[in-house]
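Below is one structure, written out as structure tokens, with a few remarks after it.
The values are calculated or read from the model by the stated rules, or taken from the named source; none is laboratory data. All of these numbers come straight from a predicted model, not from anything done at the bench. Don't worry about glycine lacking a Cβ; one is built from the backbone with ideal geometry, like all the others, and counts go over all protein chains shown.
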Amino acid sequence: MFRVYQCPSCTNIGYTSVENEQEESRCSLCRSLILHVPGTIYAVTVQEAQASVRELVNESRRNAKHRGAGRGLGIKKRVYYIVEALVDINRGRPVSIEDVMRECSDAGIDISRAMTFLDSLVSEGEVIKNGELITIPMEVW
């Protein structure tokens, strides 16, 4: 079965495969713990999970407009989470800076600002740059 969630830490909306309702899972973006709470949505197939995610995204957008939601996370943190998610999807292997910039662009982050924050993350040791590849330090894993 699939648990459909909105992460309480980063507000990412997604779904994850679980064996039962009590099984723990992690947010695909920030890796925060996702637990079963009353009202959690479950789906039997991937298609049902994807449809539920779309509904949850639309509902979240409608609610955000009513609340007058701000920008949310800072750009630097968003760039870090994008790198982290791409490395996670790539099973811990480095990803290309081009892929990171493509995701940043898709997320509405200006490429020049994304590069500035990526360089900042590299200088702080939060991410590791090796030529055109980028990864997360192993102690984070």
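Highlighted here are the strands (runs of 3 or more DSSP E) found entirely within the range 1-53 that include at least 2 residues which are aromatic (Phe, Trp, Tyr): 2-6.
Restricting attention to the range 12-34, does a residue exist that is in contact (Cβ under 8 Å) with a residue 24 or more places away in the chain, in contact with a Pro (Cβ under 9 Å, 6 or more places away or on another chain), surrounded by 11 or more Cβ atoms within 10 Å (Cβ to Cβ) and not assigned by TED's automatic domain parsing to the domain that holds Leu86? Among the residues of the range 12-34, at least one is in contact (Cβ under 8 Å) with a residue 24 or more places away in the chain, in contact with a Pro (Cβ under 9 Å, 6 or more places away or on another chain), surrounded by 11 or more Cβ atoms within 10 Å (Cβ to Cβ) and not assigned by TED's automatic domain parsing to the domain that holds Leu86, which makes the answer yes. Pairing each residue of the range 85-109 that is in contact (Cβ under 8 Å) with a residue 24 or more places away in the chain with any residue that is not in a loop (DSSP other than H, G, I, E, B) and not aliphatic (A, V, I, L, M), provided the two are 6+ apart or on different chains, yields C-beta distances under 7 Å for Val87/Thr135; Pro94/Asn130; Pro94/Thr135; Ala107/Arg78; Ile109/Arg78. Scanning the range 35-56 for residues that are surrounded by fewer than 16 Cβ atoms within 10 Å (Cβ to Cβ) and closer than 10 Å to Tyr5 by Cβ, we see that the one that is modelled with the lowest pLDDT is Val37. Scanning for something part of a helix (DSSP H, G or I), exposed (fewer than 13 other Cβ atoms within 10 Å of the Cβ) and under 19 Å from the mean Cα position of the chain (by Cα), does the range 103-110 turn up at least one residue? Taking every residue of the range 103-110 in turn, at least one turns out to be part of a helix (DSSP H, G or I), exposed (fewer than 13 other Cβ atoms within 10 Å of the Cβ) and under 19 Å from the mean Cα position of the chain (by Cα). Checking each residue in the range 26-59 for being in contact with a Leu (Cβ under 8 Å, 6 or more places away or on another chain) and over 17 Å from Tyr81 (Cβ atoms) picks out only Ile41.
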